[in-house]
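The values are calculated or read from the model by the stated rules, or taken from the named source; none is laboratory data. Just so we're clear, the structure is a prediction, and the values are computed from it rather than from any experiment. Cβ atoms come from the backbone with ideal geometry, glycine included; neighbour counts cover every protein chain shown.
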Amino acid sequence: MRSGTIIDVFTIGLIACKGYKLSGSQVRDLAWQSLKPHTSPHNLDNWVYIEVKQVTGREVADKFRGDPAPGCWQGPLVDQNEKINPHDMYWYVHLKPREVTPLPTPTAFPAASPYTPEPFISQAFFLLDPANGRVGARKISCVIY
């Protein structure tokens, strides 16, 4: 048996033993509540969940290094990320704004800009404690104009 397989079996066993209680939909809601104050229209319909899954800290720690919200100015100050334990399990959430769409009706001004669901954030990542749903780390990638 390969060592990676042993670790995967061990990890699955830990998940079962600890009895993680949060569902994927609860995790999505908690991640959105953390992101919402930083968005422009504060509208979940403008966002798409790319990934919502359980991971080990080792799998994602590099993604959360450095400033948790580089270039972001909108919304409240973002807390610094907590230390990520490589052996602990977390919920990982990746969101992106919906694609820019053309305006549905012609306008008097032909060069009108298309509808941009979220003009200031290109994507966001969250790491949540699987036992209580607390956001321990985040990375919000803001658009710098």
Inset, instruction - Starting from residues that are crowded, with 18+ Cβ neighbours inside 10 Å and among the polar types (S, T, N, Q), keep the ones in the range 26-45 and report whichever is farthest from the chain's Cα centre (by Cα). - result: T39
Legend entry - Unmet criterion (only one of (1) under 18 Å from S141 (Cβ atoms); (2) at pLDDT 95 or above; (3) surrounded by 12 or more Cβ atoms within 10 Å (Cβ to Cβ)) for T56: (1)
Inset, instruction - Filter the range 126-145 for residues that are β-branched (V, I, T) and either assigned to a loop (DSSP other than H, G, I, E, B) or more than 9 Å from the chain's Cα centre (by Cα) (or both) and give the result. - result: V135, V143, I144
Legend entry - Output for the range 40-62, where each listed residue is over 13 Å from P86 (Cβ atoms) and in contact with a strand residue (DSSP E or B) (Cβ under 7 Å, 6 or more places away or on another chain): N46, W47, V48, Y49, I50, E51, V52, K53, Q54
Inset, instruction - Taking V100 as the residue in question, decide whether it is among the β-branched types (V, I, T), closer than 22 Å to V27 by Cβ and modelled with pLDDT under 95. - result: no
Inset, instruction - Search the range 71-88 for residues that are within 19 Å of L35 (Cβ to Cβ) and pair each with any residue that is assigned to a loop (DSSP other than H, G, I, E, B) and of a type in the set (F, W, Y) when their beta-carbon atoms are under 7 Å apart and the residues are at least 6 apart or on different chains. - result: Q74/F120
Inset, instruction - Please verify whether the range 18-34 includes one or more residues that are at pLDDT below 90 and in a helix (DSSP H, G or I). - result: yes
